[in-house]
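Down below is the structure, laid out as structure tokens.
The values are calculated or read from the model by the stated rules, or taken from the named source; none is laboratory data. On a predicted model such as this, the values are computed, not experimentally measured, just so you know. Neighbour counts are summed over all protein chains in view; Cβ atoms, including those assigned to glycine, are modelled from backbone coordinates with ideal geometry.
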Amino acid sequence: MTRFIIKRLASMVLVLFAVSVITFLIFNVIPNGDPAVRMAGKQPTETQVQAIREEWGFDKPIYVQYATTMKLLFTGQMVSYFSQLNVVEEIWKGVPRTFALAIGAAILWMIFAIALGLWSAMRAGGISDNLLNVFALIGISMPVFWLGALMNQYLGFELSNVLGFELFPNGGYVEFSESPWQWFHHLILPWIALSVLFIGFYSRVLRANIIETMDEDYVRTARAKGLSDRRVLLHHVLRNSLIPVVTLWGLDFAVVIGGGAILTETVFNLQGVGQYAADAIGQLDQPPILAVTMFGAFFVVFFNTVIDIVYAALDPRIRLEAGDSA
Amino acid sequence: MGEPLLTVSDLRVSFRTEGGLVQAVDGVSFDLDRGEVLSIVGESGCGKSVMAMTLMGLTASRNASISGSIRLGETEIVGADDDSLRSIRGERMAMIFQNPMSSLNPVQRIGDQIVEQIRAHRDVSKSEAMERAVYLLNAVGVPDAKARARAYPHEFSGGMRQRAMIAMALSLDPEVLIADEPTTALDVTIQAQIIDLLMELNREMGLAVILITHDLGVVAEIANRVAVMYAGQLVEEASLDGLFYDPLHPYSWGLLGSVPRVDGERPKRLAQIKGQPPSLIDPPKGCRFRERCPHAFEACEGPVALEPRAGDPGHPDRCLLPVEAKRDLRKLDSGRIGLEEAGAGS
């Protein structure tokens, strides 16, 4: 176990290094990516551009630039090329918002996916199963920015006009410390919007797993033992069906909590890490993009490791070996 | 003997499938007495396992229809509701399966799986149930039972897993143990150990056993009585000696002839039954073995009942040949029982 974790930590450093190098290099090959030109404003003179290059060190060899950038990032002094704001501080501001969105949505989507997956599997082939299948496909197919925009417009804005009070707020975020109820109230729609796709997808995966598990010999044994249907379903079928889903869940959760819910955050104006990244991408602002990419990569690698440990706890046949790949 | 423990009469199980109605079990009747070992033999797909599952009330598929009667003492199993079935399963009738590798829940400790069964039926504490589980594991020959109860199935060998299955099946002192091919997936030496264990339980606890198998070697060792099943029907029922020394149905000759023997002269090759068993969708009228039987004649196309044709009420069969002809036909080829040789001679 200790060797496993050490090995994983080492590979985490490697992955983060690779991600940082690649993200950094991309800015040297994308067209119109020269920050000095962009920072100099409209129709700059060559001397102005040159002055900015020297001031920011863009004239140095690329490996020196990389080293400087990394140093700034890890000492927390990195600033945006355009807003001049401290990148790490800006990310920290977004973290509570992103975490609130990701954790709430992940809980919501697992609860509904399990409930709907069980329901469908037990009625496989029936009318309600087919209906749920259609709903799941619709849920998977709806782009989150579209769904979010509709929810904002109709549930957040027009419904409030009709009712005369805000059943759902029209976007925005309220600090938990300010008002727990307002915090919750403002997150309901984003949670739902972000969960819909995952609920559709996970309930289908789980349905298939459950149906497959129901045919297992040990489920027949469980029934032959005289256990109640409920116990067979929850302790023998569901328990085993959930194991593969955990891996999936870990990866998706890592992406969302690492700032991957860019569209949801932007549509509902949550000002989280994802929205920060979206703004930075729009301006081709290298420092924040680099920092958010590494932030996200960290969570992906971290949750991969956590999931492997959880997996071993869920399935005693799995042993954690130092040789496991990252 | 008095009342039989388990009475099956005219049991029929069919499944609606896309290909048509599959008549997996077609009018099977037999009794099981207390302390008896009844073996049901037949080839793959003859309906043995479906019947075993039905005895436990486990044939719950939506496309299945079951008729006839299965009486365990005073309780009727066919058509019983879920609650009463649940109180029979594990408590009065227990079952062990063909594949011990996959019959235990991989993510639950062995001991916990036994505890779960005990606590599903009895109002006892976890630790009391665990004590019982350890006692049972020890009784079925799992060494160091107390520690091993904490192991997971994948940490057990195949033979040990089958022992654990047996311990679990015995946990509530059932009246009947249904063993569906309990040794098929095991090594030969382990097979012998498991059979010895079943015999011991039968002798010492008076446990009645229904042993479903296609292995006649196992049958010879443990069974008191044998029922031969073919294409969903019983074609012959006899005492162990009755079947091995005086088999009356040509299908039984084929089964017996296909087993290698160490006594007597060795044949150049083992007998085999030509052809395939009939499809259970729309099976042939009359004798179902007719198309593969070298001795079939016109009357075989009509209905054939399971009757005591040789005079012994404990030894009915489903073949219309005169008893003397049966005994002559099967005797060919230096006393070996074989269809191939018999067919060539007639």
Taking the options A:V306, A:V301, A:V292, A:V255, name whichever one is in the same structural domain as A:E175 (by TED's automatic domain parsing) and either free of Cβ contacts under 8 Å to residues at least 60 places away in the same chain or within 30 Å of A:W183 (Cα to Cα) (or both). A:V255
Go through segment B:69-93 and report how many residues are crowded, with 17+ Cβ neighbours inside 10 Å, more than 10 Å from every other protein chain (Cβ to nearest Cβ) and not in a loop (DSSP other than H, G, I, E, B). 3
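Name the single residue that is surrounded by the fewest Cβ atoms within 10 Å (Cβ to Cβ) among those in segment A:116-128 being part of a helix (DSSP H, G or I) and without any contact (Cβ under 8 Å) to a residue 24 or more places away in the chain.
Of the residues in segment A:116-128, the ones part of a helix (DSSP H, G or I) are A:116-122, A:127-128.
Now narrow it down to the ones that are without any contact (Cβ under 8 Å) to a residue 24 or more places away in the chain: A:119, A:127-128.
Numbers: A:W119: 14, A:I127: 8, A:S128: 12.
In this case the residue turns out to be A:I127.
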Which condition from (1) of a type outside the set (K, R); (2) buried (at least 22 other Cβ atoms within 10 Å of the Cβ); (3) farther than 30 Å from B:R86 by Cβ is the one that A:W181 breaks? (2)
Residue hits (segment A:90-114; over 14 Å from the mean Cα position of the chain (by Cα) and without any contact (Cβ under 8 Å) to a residue 12 or more places away in the chain) are A:W92, A:I111
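With respect to B:P106, is the statement that it is surrounded by 18 or more Cβ atoms within 10 Å (Cβ to Cβ) and within 9 Å of another protein chain (Cβ to nearest Cβ) true?
Details: surrounded by 18 or more Cβ atoms within 10 Å (Cβ to Cβ): no; within 9 Å of another protein chain (Cβ to nearest Cβ): yes.
For B:P106, the condition - surrounded by 18 or more Cβ atoms within 10 Å (Cβ to Cβ) and within 9 Å of another protein chain (Cβ to nearest Cβ) - is not met.
Residue-wise test of (1) modelled with pLDDT under 95; (2) touching a Phe, Trp or Tyr at 6+ places or on another chain (Cβ under 7 Å); (3) farther than 19 Å from A:I103 by Cα.
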site	(1), (2), (3)
A:M214	yes, no, yes
A:D217	yes, yes, yes
A:R231	yes, no, yes
A:L234	yes, no, yes
A:F253	yes, yes, no
Conditions: (1) modelled with pLDDT under 90; (2) assigned by TED's automatic domain parsing to the domain that holds A:T213. A:E321 meets all but one. Number of the miss? (2)
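One line per residue, one yes/no per condition, for (1) in a loop (DSSP other than H, G, I, E, B); (2) farther than 17 Å from B:Q98 by Cβ; (3) within 14 Å of chain A (Cβ to nearest Cβ); (4) free of Cβ contacts under 8 Å to residues at least 12 places away in the same chain:
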position: B:E116; (1), (2), (3), (4): no, yes, yes, yes
position: B:V124; (1), (2), (3), (4): yes, yes, no, yes
position: B:V142; (1), (2), (3), (4): yes, yes, no, no
position: B:A151; (1), (2), (3), (4): yes, yes, yes, no
position: B:D173; (1), (2), (3), (4): yes, yes, yes, no
position: B:P182; (1), (2), (3), (4): yes, no, yes, no
position: B:D196; (1), (2), (3), (4): no, yes, no, yes
position: B:V219; (1), (2), (3), (4): no, no, no, no
So for segment A:317-325 (the condition being in contact (Cβ under 8 Å) with a residue 40 or more places away in the chain and either closer than 22 Å to A:F112 by Cα or within 14 Å of another protein chain (Cβ to nearest Cβ) (or both)), does at least one residue qualify? no
Condition (residue is polar (S, T, N, Q), within 14 Å of chain A (Cβ to nearest Cβ), crowded, with 19+ Cβ neighbours inside 10 Å and touching a helix residue (DSSP H, G or I) at 6+ places or on another chain (Cβ under 7 Å)) applied to segment B:205-215: is it met by at least one residue? no
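State yes or no: is A:A193 assigned to a helix (DSSP H, G or I), within 14 Å of chain B (Cβ to nearest Cβ) and crowded, with 24+ Cβ neighbours inside 10 Å?
Values: assigned to a helix (DSSP H, G or I): yes; within 14 Å of chain B (Cβ to nearest Cβ): no; crowded, with 24+ Cβ neighbours inside 10 Å: yes.
No.
Going residue by residue through segment A:243-262, is there one that turns out to be over 16 Å from A:F198 (Cβ atoms), in contact with an Asp or Glu (Cβ under 6 Å, 6 or more places away or on another chain) and within 14 Å of chain B (Cβ to nearest Cβ)? I'd like the intermediate steps shown before the answer.
Taking segment A:243-262 as the starting set, the residues that turn out to be over 16 Å from A:F198 (Cβ atoms) are A:243, A:259.
Next, only the ones that are in contact with an Asp or Glu (Cβ under 6 Å, 6 or more places away or on another chain) stay: A:243.
Adding the requirement that they be within 14 Å of chain B (Cβ to nearest Cβ) leaves A:243.
Looking through segment A:243-262, at least one residue is over 16 Å from A:F198 (Cβ atoms), in contact with an Asp or Glu (Cβ under 6 Å, 6 or more places away or on another chain) and within 14 Å of chain B (Cβ to nearest Cβ).
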Has segment B:248-258 got any residue that is modelled with pLDDT of 90 or more and part of a loop (DSSP other than H, G, I, E, B)? yes
Look through segment A:202-239, keep the residues that are away from chain B (no Cβ under 14 Å) and touching an Asp or Glu at 6+ places or on another chain (Cβ under 9 Å), and return whichever of them is surrounded by the most Cβ atoms within 10 Å (Cβ to Cβ). A:R207
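Give segment A:59-80 a look and list any residue that's within 17 Å of A:L16 (Cβ to Cβ) and surrounded by 13 or more Cβ atoms within 10 Å (Cβ to Cβ), or say none.
First pass over segment A:59-80, keeping only residues within 17 Å of A:L16 (Cβ to Cβ): A:66-67, A:69-76, A:78.
Within segment A:59-80, A:Y66, A:T69, A:M70, A:L72, A:L73, A:M78 qualify.
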Condition check: among the small types (G, A, S) and within 12 Å of chain A (Cβ to nearest Cβ). Does B:S44 satisfy that? no
